[in-house]
Amino acid sequence: MAGCVPTRLTTFGEMTDEARIGELTIRVIGDGWYARGQRTNAISAALLYDLMDADIVHCHQQHVLASSAAALYCRLFGKPVFVSDLGGGGWDISAYVSTDRWYHGHLHISEYSRRCFGHENNPRAHVIMGGVDTDKFSPDSSSAREPTVLYVGRILPHKGINHLIDALPEGLTLEIIGQVADARYLGDLHRLAAGKRVVFRHDCDDAAIIQAYRRALCLVLPSVYRDMYGAQTRVPELLGQTLLEGMACGAPVICTNVASLPEVVADGECGFVVPPNDAAALGAKIRWLAGHPQAAAAMGAAGRRRVLEKFTWPQVVERCLAIYESALRRPLPRFAANGAAQRG
C-alpha cells in the first residue's frame, strides 16, 4: 500500500515507538488499556491523533474496542472507514450491538469470509482476497524436491494435523513447522507420530520456511470443522495463507474441502482438494504426487501462475484503493515511479 499512497500502520505494543520505511509510517502505541486483560484488545486516546490525520481508515479486525471506537469516530466526523475481519477478536460492544453498519465497507479476504459473516447480499461488502510477496516466496531451481510432506501453520486441533500423520505413506517424511498454540494437541501428535518419520520444528524464521516450501514434495493443509476431540470450529480458515506461500514457491498443494481453501487451490490443476477428516484420501493424493514427479512439478508451476494471476499484494492494494476512492468520491494521491505524488 505504501508503494502507492502515503500509509500509516497504527498498532499497540509494549512500548511507544515510531519508524518510517519509505512512505510507510509504523506507529506503536505503548500505553494502551487492555479490555478485560486481553493483550490483543487494546485501546488508547492516542489513537485519536492518527484518526484525525487520516483520509481513509481501514481496521484489520472488527470485534475489538479499537476498531469500534475508530468506526464511531469516523462516522461522527465523516471519514470513510472500512474493516477486514481476520478472525479472533475480544470483548467489544459488537457482542451486544451490531457494528456492521458503522463501517462504510467490509473488505473480505475470501468469498467464504463474505458468506460466513452474512454479507453475501450486502452491497457494501467486497472481496479483496489476500496476497503473498512473490519475490520473497519464489521457486529455486537449485533446490531439488525431496520425499518430504510439509505442513506449515499453528499447532491447533482444527488444523487436522493428526489426519496427516495417519495418512503419511511409508518411505516419506512429514515435516511439521509451526508455533505451538495447544500443548495437549502437540503431545497427542507426538504419540501418533511414534515410529513414523515425523519432524517437528517450532522455531523457523521466514528463510527456513521458504527453504522448506522449495524442497517439499508437497504442502498439505488438512483443516477440519470437527477435530479429534469432537469440538467444532465454525470458521476454521478465512483464507489459507500458507497454501499461497507454498504455491508461490512452486510446491504442489493438498487441502481439504473446508471453508475458503477450495478458493485457493484449483483441484487437479495446482494440487488436490480432498474431504476433511479422511486420512485415506490424503494418503492417496500424497502417494500419487510421489509417484508422478513430472506431473507434480507441473502442478507446482501452475500454482505459482495462479498466485501471480490472483493473489499478489499489488492486486490486493489496487482492489482496496478502488473501493476507498469510491467512498471518497475522489482519487487518492498516488506515487509516480520516482516517488513523487500524483493523482491516480
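The values are calculated or read from the model by the stated rules, or taken from the named source; none is laboratory data. It should be emphasised that the depicted structure is a prediction, and the values quoted were computed from it without experimental measurement. No Cβ is skipped: glycine too gets one built from the backbone with ideal geometry, and neighbour counts run over all protein chains shown.
Laid out as a table, the results:
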{"quantity": "Filter result for Val258 (closer than 22 Å to Ile155 by Cβ, hydrophobic (A, V, I, L, M, F, W, C), outside the structural domain of Asp85 (by TED's automatic domain parsing) and part of a loop (DSSP other than H, G, I, E, B))", "calculated": "yes"}
{"quantity": "Test: residue in the stretch 281-293 that is farther than 23 Å from Lys159 by Cβ, surrounded by fewer than 16 Cβ atoms within 10 Å (Cβ to Cβ), out of contact with any Ser or Thr (no Cβ under 6 Å at 6 or more places or on another chain) and in contact (Cβ under 8 Å) with a residue 24 or more places away in the chain", "calculated": "yes"}
{"quantity": "Selection count where residues are without any contact (Cβ under 8 Å) to a residue 12 or more places away in the chain and in contact with a Phe, Trp or Tyr (Cβ under 9 Å, 6 or more places away or on another chain), scope the stretch 12-38", "calculated": "1"}
{"quantity": "Residue within the stretch 131-143 that is out of contact with any helix residue (DSSP H, G or I) (no Cβ under 6 Å at 6 or more places or on another chain), of a type in the set (A, V, I, L, M) and under 22 Å from Gly246 (Cα atoms) present", "calculated": "no"}
{"quantity": "Selected residue [at pLDDT 95 or above, out of contact with any His (no Cβ under 8 Å at 6 or more places or on another chain), surrounded by 13 or more Cβ atoms within 10 Å (Cβ to Cβ) and among the aliphatic types (A, V, I, L, M)] from Ala193, Ala207", "calculated": "Ala193"}
{"quantity": "Odd one out for Lys310, checked against (1) in contact (Cβ under 8 Å) with a residue 40 or more places away in the chain; (2) within 24 Å of Cys116 (Cα to Cα); (3) touching a Gly at 6+ places or on another chain (Cβ under 9 Å)", "calculated": "(3)"}
{"quantity": "Inter-residue pairs, beta-carbon under 8 Å, first among the polar types (S, T, N, Q) and in the stretch 133-151, second surrounded by fewer than 16 Cβ atoms within 10 Å (Cβ to Cβ), 6+ apart", "calculated": "Thr134/Leu308; Ser143/Gln211"}
{"quantity": "Sole residue being outside any loop (DSSP other than H, G, I, E, B) and either within 22 Å of Val127 (Cβ to Cβ) or in contact with an Asp or Glu (Cβ under 6 Å, 6 or more places away or on another chain) (or both), chosen from Leu243, Leu238", "calculated": "Leu243"}
